[in-house]
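No value in this document is a laboratory result; all are computed from the given coordinates. Since this is a predicted model, take the numbers as computed values, not measurements. For neighbour counting, all protein chains shown are included, and Cβ atoms are generated from backbone atoms with ideal geometry for every residue, glycine included.
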Amino acid sequence: MTISIIVPCYNEEEVINMTNTRLASVLDKMDLQSEIIYINDGSSDKTSSILSTFADEDSRIRVLSFSRNFGHQAAVSAGLQYCKGDAAIIIDADLQDPPELFPEMIRLWREGNEVVYGQRLSRKGESGFKKWSAKMFYRTINRLSDIKLPLDTGDFRLVDRIVIDAFNNLPERDKYIRGLFAWLGFRQTPISYNRDERAAGETKYPLKKMIKFASNGIIAFSRKPLEIALQMGIVTLLISLGLTVYTFISYFLRPMTIVPGWASTLLVILFLGSVQLLSTGVLGKYIGRIYDETKGRPEYIISHDSDSSSSK
């Protein structure tokens, strides 16, 4: 029995030594074979050279280096494509998710659960805004999506080989991975824990990336924004018809009344224009997603694989 540990890395030179030490310590205590796959997501610091040293010193370690920064979700996808284990555990390099939970996750897996996902009870070291926005995001996407995603979860999880193979067969490229695991189904169970603050370094998910990530998740798992745009269009059409009737009645009943009307006209134009722009923007997001998928470009490009004898 082999367990694969998948660790996406982007500019993690400040923490990666601690990460490797803790991973090795946990795996050394476990009675099973293991491999650690580090995915270097186009790091511009010393992460790449440090990971190469790890691979030279420990035969369990494999390093996949991207030709540039393709993003966290692409790095996780690469790890799942290249892992050889009977199950894989996805964990970030920042040590916010504790490797010490591996034995309990494996126990739950051996009991027949095909996905064991980490569910956060608390989030240390994060601002109130980030905690609130994350909470609102998970609840919003559950309201919008036909697939119910577990609340307060990330990518930290164990997945069985049957789930990995099913995931690898999905053709889409711009993935929202935690949503796809929920969509795949299988027998899933949570494991609760308190999330620590970063052991070192800075977050690789500033507000701009978080907004893009949230937008991608909603677009990937819901058509309701399109339905909302349609409903807003119907409402504004009814309002416009009502204003038209009111204008004609006013004209015939009070033909001599001087009513400038510039303010109400301006408000109507602005209201209708904003709805049209909003609807166009929503459509543009979905059309852009279709465009990206039809190009058929690979999700990532690997420039170097420390296990040069293997290929996918």
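Put in line by how crowded their Cβ is, counting other Cβ atoms within 10 Å and starting with the fewest, Met30, Met105 read Met30, Met105. Look at Asp45, Asp56, Asp31, Asp152 and count the other Cβ atoms within 10 Å of each Cβ; fewest to most, that gives Asp31, Asp56, Asp45, Asp152. Placing pseudo-labels 7 Å out from each Cα toward the beta carbon at Leu121 and Asn168 gives an inter-label distance of 3.6 nm.
Ordering Tyr38, Tyr286 by the number of other Cβ atoms within 10 Å of each residue's own Cβ, fewest first, gives Tyr286, Tyr38. Projected label points at Trp183 and Glu197, each 7 Å from Cα along the beta carbon direction, are separated by 3.7 nanometres. Between region 21-69 and region 162-199, what is the separation of their alpha carbon centroids in Å? Taking the Cα centre of region 162-199 as reference, the centre of region 21-69 is 21 Å away.
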